[in-house]
Amino acid sequence: MKTTLVELKALIKTKLQSIVDGSGNQMMGDIFDYPNGEFKKYPVAVIIDSGMTGIELDMARNERTFHFLVNLFQEQTHAGKTNQTASEAMEAVADKLIIAFDKDIDFGGEVERVRVVDGSFDFKVSAGTFNFATFKIDIVTIVPNY
């Protein structure tokens with residue numbers, strides 16, 4: 001069972017890498033498991049650990065919920081995607097992300113539970129035009145109470 005930030009973030013990254021389109025091509029252009037703002041291939045996913053909560057289950061175990069944010073970015077440019085195609089690309093990858101996490105509720109038995117608990121979608125113009133989405137992913141683990 002995976003119980004550390006490093007291990008859990010790696011599980012999220014692996015899940016994002018597994019998201020493919022109808023032709024079997026990976027949908028994410030770049031995936032970063034650390035804060036980064038320099039993107040080359042879109043759509044981009046950036047995984048950020050954002051906190052942890054927990055409770056004591058008994059004298060031997062704690063239940064921890066690790067909170068992660070997955071930020072998705074899709075650039076709109078005249079040379080690249082139009083406003084409509086950028087929006088469609090963002091919606092397609094967002095749908096696939098939600099379905100991928102919903103279908104694998106415990107990362108193949110590596111954790112107690114994975115939940116996509118919140119999401120937001122927006123559009124922003126700053127040093128380029130982007131569609132972006134943020135998903136809050138909670139991962140519940142049971143850890144020994146040393």
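Every read-out reported here was derived from the displayed coordinates using simple, explicitly stated rules and does not represent laboratory data. Keep in mind that this is a model prediction, so the values were computed, not measured. Reconstructed Cβ throughout: ideal geometry from the backbone, glycine too, with neighbour counts over all protein chains shown.
Some points to look at:
- Trypsin sites (Lys or Arg not before Pro) restricted to DSSP loop in the range 40-144 with at most 11 other C-beta within 10 Å: LYS40, LYS41
- Reach of LYS96 by Cα under 20 Å, taken over lysines that are not fewer than 8 positions away in the same chain: LYS9, LYS13, LYS15, LYS41, LYS81, LYS136
- A Förster distance of 22 Å, applied to the separation of the beta-carbon atoms of LEU5 and THR82, puts the FRET efficiency at 0.05.
- As a ratio to 2.2 N^0.38 Å, the alpha-carbon radius of gyration for the range 5-144 is 1.13.
- Distance between the 7 Å Cα→Cβ label points at ASP122 and LEU69: 0.9 nm.
- Extension gain, THR53 to VAL20: 0.36 nm times the residue separation minus the Cα-Cα distance gives 8.7 nm.
- Under the criterion of Cα pairs below 8 Å and six or more residues apart, the relative contact order for the range 5-144 equals 23 percent.
- Among ILE98, ILE137, ILE55, a tally of other beta-carbon atoms within 10 Å of each Cβ gives an order, fewest to most, of ILE55, ILE98, ILE137.
- Helical contribution to [θ] at 222 nm, DSSP H n ≥ 4, -39,500 (n - 2.57), averaged over the chain, rounded to 500: -8000 deg cm²/dmol
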